[in-house]
1. Out of the residues in region 318-347 that are surrounded by fewer than 20 Cβ atoms within 10 Å (Cβ to Cβ) and in contact with a Pro (Cβ under 7 Å, 6 or more places away or on another chain), which is modelled with the lowest pLDDT?
2. So which helices (runs of 4 or more DSSP H) stay within region 92-180 end to end and still have 3 or more residues that are charged (D, E, K, R)?
3. How many residues are under 22 Å from the mean Cα position of the chain (by Cα) and at pLDDT below 95 when one looks only at region 222-231?
4. Please go through (1) surrounded by 16 or more Cβ atoms within 10 Å (Cβ to Cβ); (2) under 22 Å from Lys173 (Cβ atoms) for Thr106 and return the number of the only condition it doesn't satisfy.
5. Restricting attention to region 20-38, which residues are modelled with pLDDT of 75 or more and either of a type in the set (D, E, K, R) or under 38 Å from the mean Cα position of the chain (by Cα) (or both)?
6. Could you say whether any residue in region 359-368 is small (Gly, Ala, Ser) and in contact with a Phe, Trp or Tyr (Cβ under 8 Å, 6 or more places away or on another chain)?
7. From the list Thr310, Thr383, which one is over 22 Å from Asp462 (Cα atoms), within 28 Å of the chain's Cα centre (by Cα) and surrounded by 14 or more Cβ atoms within 10 Å (Cβ to Cβ)?
8. All but one of (1) more than 25 Å from Ser373 (Cβ to Cβ); (2) surrounded by fewer than 24 Cβ atoms within 10 Å (Cβ to Cβ) hold for Ser212, so report the exception by its number.
Amino acid sequence: MTERDTVAALKRLAGAKPEFRLSELQEDPGERQSLERLAGEIRPHLDGLGLTPRSAGDDYVISRLSADRPFAVSDIGRLRQLAFFRNPEIPDYIQQLVEAYVGRKTAKSWDDPAVLDRMRNAILVQKSQYWKERQVSYRKAYPVLGYLAYHAPVYLVQFEHIFWQVISRGLAKPHMRILDLGTGPGVVPLAVIDLLGRIGSGKAEIYAVERSEEHLEAYNALVPAAAAAQGNAVQVHKPIRADIGALDPGDLPDRIDLMVFSNVLNELRHLDTDRRADLVAGLADRLAPDGTIIVVEPADLANSTAMRRTVRAIADRGLAVHSPCSFIRGTACNPARCWTFEQKGDIRPTRLMERLAEGKDGYRFVNVDIKYSSAFLRKDAKTQHAYRVPPGAKFARLSHLRRHRDKKINAVAALMSGNLGDRRTKVYKVCDGTARDPVYAVVPATLRGTNRDALEGLAYGDILRLYGVLVRFNKDHDAYNLVVLPGTRIEPVGCPGGAGSETMST
């Protein structure tokens, strides 16, 4: 029996049992090694498979690493990743892999003028199809090369932000089994590989599904090579070629810790909200009991609001929304007009992007800003914020703002956006899960003093108490504004002061 066969048999046993004896592996047909020799052969593979051995007399007991074992990031690793986020750029080893792939695919230099021109045309076609809400095709080489040049750099750093949230919120494990559905050329795996390599801790197994043969060719050229360049902390499995809309969950690995739908569900335009939700809920059967689903979509109005409706429908099928929504009133929200997204710092253009941007209308080929809508869902009931508005607390429901027009009130809500206004008038979307019409916290251009910057630096999804805000109705946008005044007090939940200690002014 070869070492590869032995490892395959080990994986079969680990998939069937949480714990087993090494002698059971010895009984596998074709395996005739002594226990000591067998133990030596499998030992280098145990950590990568999330397994740990212990002696049991003349035998060994092999068990899965505890899901409760915390994923620890060293102080040095944390500082490295935060420094990366301050000045994000695609690492040189990934840029070199992409450039080399462009060269192999075209049989010319990656920056050959003819290659660049064809990539520019592919990017323009993709952008046109996107804004016309048509499905983008990746059946030919240059659309994939254009994607790698224009979209992939932003999406890679974007998912590093999201994966860092997974880690920071205590949702990560020392060894993660990750399934990326609709992986394209492997942007999500590349982000995981890069982040874990930078922080110097944590391991992952990457499984992926993709229907485009051209995307899979790029994936196979980039992802395994990137994992090797970062020391193989990430084990890359051969991707599955399939349409995620026609997947049989039984064909997928089980005990998945992180299931990712990144910029995928919006492309299933032939499916309505309920059918998209059915698809995700069906695949959730492959999650570990404490697994997480991440849905990510572009930040534009159509895709962002469609995503919120889909997430609400997924929750109706038994999964819990972990974040960013908190449901602090204990009620289900109405996402019909929920346009909310997160924004991060711009990335530095890659060498390939800079070459594409040379010449007339070069700005059309530069894509550096990170804006996205996302949601985390869980099989268990774990949520980012456990806070609920206490019964009888003197805070107005946002669904009742029509009763309080032009009056000062107290309110409690989650912060659901960064500044949507400008440097003078600052506008932030807020939500308590009850309002049908959008609600915004507004810092007027004329406001001075400490309240001018009171909402700066707060995290997306943070819950705030707002004392003494003025209610205004915006007819142009059919929305309500909570206007911050000089006397307004803004207090993140968790600060001193009981929720029921204030009275609502009218």
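1. Step by step, filter region 318-347, then rank; the result is Arg337.
2. Qualifying helices (runs of 4 or more DSSP H): 92-106, 113-131.
3. 0
4. Unmet for Thr106, out of (1) surrounded by 16 or more Cβ atoms within 10 Å (Cβ to Cβ); (2) under 22 Å from Lys173 (Cβ atoms): (2).
5. Within region 20-38, Phe20, Arg21, Leu22, Glu24, Leu25, Glu36, Arg37 qualify.
6. no
7. Testing whether each residue is over 22 Å from Asp462 (Cα atoms), within 28 Å of the chain's Cα centre (by Cα) and surrounded by 14 or more Cβ atoms within 10 Å (Cβ to Cβ) leaves just Thr310.
8. (1)
The values are calculated or read from the model by the stated rules, or taken from the named source; none is laboratory data. The shown structure was predicted, so the numbers you read here are calculated from the model rather than taken from an experiment. No Cβ is skipped: glycine too gets one built from the backbone with ideal geometry, and neighbour counts run over all protein chains shown.
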